[in-house]
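Peer 1: The structure follows.
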Amino acid sequence: MSEQGHNQLTTIVQRIESVEAEIKELGEGRKEIYLEAKSNGYDVKALKAIVARRRQDQEKLANHEMLVDTYEAALG
């Protein structure tokens with residue numbers, strides 16, 4: 001491998017490691033927020049569901065919920 005290729009590879013690996021460290025820190029921060037919410041009496045499972053829903057495309061979510069409602073109504 002040429003020196004340039006070696007340097008490029010080293011840089012890429014270092015960047016990946018840096019991003020992975022940031023992801024770990026952010027994950028720890030998210031965990032702390034959920035612990036804070038739990039200590040304030042909030043249901044963590046419900047909060048995670050809300051976050052997941054807000055992340056989804058709102059139109060697709062509305063269509064999905066309408067379909068679930070239709071099926072539930074058909075079941076009685």
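Peer 1: In debye, nearest 20, what is the charge dipole magnitude of the chain about its Cα centre with +1 on Lys and Arg Cβ and -1 on Asp and Glu Cβ, if you could check?
Peer 2: It works out to roughly 160 debye.
Peer 1: Run the accessible area of the range 5-55 with a 1.4 Å probe and give the carbon-and-sulfur part as a rounded percent.
Peer 2: Whole-percent figure for carbon plus sulfur exposure: 55.
Peer 1: Also, I was wondering about something else. Between HIS6 and TYR42, what is the label-point separation in nm under the 7 Å Cα-to-beta-carbon projection?
Peer 2: Here the answer is 5.1 nm between the modelled labels.
Peer 1: Among (1) 31; (2) 65; (3) 36, which is the computed percent of Cα pairs over 19 Å apart?
Peer 2: Calculated percent of Cα pairs over 19 Å apart: the matching label is (2).
Peer 1: Net charge near LEU26, counting Lys/Arg +1 and Asp/Glu -1 over other residues with Cβ under 12 Å of its Cβ?
Peer 2: Here the count lands on -2.
Peer 1: Okay, next question. Return one whole number: the accessible area per residue of the chain in Å², for a 1.4 Å probe.
Peer 2: So the chain comes to 95 Å² accessible per residue, rounded to a whole number.
The values are calculated or read from the model by the stated rules, or taken from the named source; none is laboratory data. Quantities reported herein were computed from a predicted structural model and do not represent experimental measurements. Using ideal geometry, Cβ is built from the backbone for each residue, glycine included, and neighbour counts are taken over all protein chains shown. When the accessible area is computed, the model is the full protein with side chains, heavy atoms only, and any ligands, DNA or RNA have been set aside. Shrake-Rupley method; radii C 1.70, N 1.55, O 1.52, S 1.80 Å.
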